[in-house]
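Note sheet for the following structure.
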Amino acid sequence: MVLMARKPQPEAGAGILAAPPGAGGREWRAVGRTAVSILAALLLWAAIAAVLGDPSHAPGPQQVLPQLAEGLVSGRMLPDLGATLARVGASFALAMLAGTVLGIVLGLSRRVNDWFDPWLTIWNNIPALVLIVLCYLWIGLNETAAITAVALNKVPLVAVILREGVRARDPALSEMARVFGMGFVARHRHILIPQLMPHLIAAARAGLSLIWKVVLVVEFLGRSNGIGFRIHLNFQMFDIAGVLAWAAAFVCVMLAVEWLILAPLSGRANRWRRE
């Protein structure tokens, strides 16, 4: 008689929520590589500044980072940093909502896409500066114009990414859900949206990097506070170290958003691909 060895069963509680062996070690190694990469960038910056040998025109981290640290510790940078972050958040929310709805509609309906694709192409290629100036001229030099200008620059990018995501979905899943009588809302919630999550995260990442750059231009041209406004003041005084310190302050905020919010969301959005 040949005895078949039974395959060991997973313990209770083990499953898709259980971390794979070695996951913690991989995470720490990834953190270590990120830290080394940032340190290498700072060393490269310092080396280039040392070779140029002109701190007034090409300041190194030894000139910029003390200004950044002093501004953050003393609280001098915080009001302007908060103003810029508020504009980024409001513009990001509006653009993601409008762009997601538009992209899904264009992806689901070929007829609608045929009508509006030329409009989207033109909109996507209008220079950001043109939209900013037009919003200031039409609406005025106020917060509404600033947020509207920034959001309008991001909507077409989100729409294009989400449209391609809808086109790349698996239609067999939606057809199966329809055959089994799943309702319209349930199909979108359980079938369409999970397939679009990686594209939503990609749109959020690309859009966030675009939005904060456009916000600085908006503040540079027509606001009385924010990082862009402070960069404008340092530009007038030809203070390059000050320009870099203010820019570095918001780069630190964006890195925190990426590492603490977008990266974990991206991991969750793509988890089903590994299961």
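The values are calculated or read from the model by the stated rules, or taken from the named source; none is laboratory data. Please read all numbers here as calculations on a predicted model, not as lab measurements. Note that we place each Cβ from the backbone using ideal geometry, even for glycine, and neighbour counts take in every protein chain shown. Surface accessibility is based on the protein's heavy atoms, side chains included, excluding ligands, DNA and RNA. Shrake-Rupley method; radii C 1.70, N 1.55, O 1.52, S 1.80 Å.
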Selection status of R167, open to solvent by less than 50 Å² (accessible area, probe 1.4 Å), modelled with pLDDT under 90 and of a type in the set (D, E, K, R): no
Which listed residue, of S224, S266, is among the small types (G, A, S), at pLDDT below 90, open to solvent by 50 Å² or more (accessible area, probe 1.4 Å) and out of contact with any Pro (no Cβ under 6 Å at 6 or more places or on another chain): S224
Residues located in segment 132-147, provided they are without any contact (Cβ under 8 Å) to a residue 40 or more places away in the chain and closer than 18 Å to L97 by Cβ: T144
Filter result for A40 (closer than 17 Å to V158 by Cα and at pLDDT 90 or above): no
2 or more residues open to solvent by less than 60 Å² (accessible area, probe 1.4 Å) and of a type in the set (S, T, Y): qualifying helices (runs of 4 or more DSSP H) within segment 43-136: 78-108
Residues located in segment 88-132, provided they are among the acidic types (D, E) and in contact with a helix residue (DSSP H, G or I) (Cβ under 9 Å, 6 or more places away or on another chain): D117
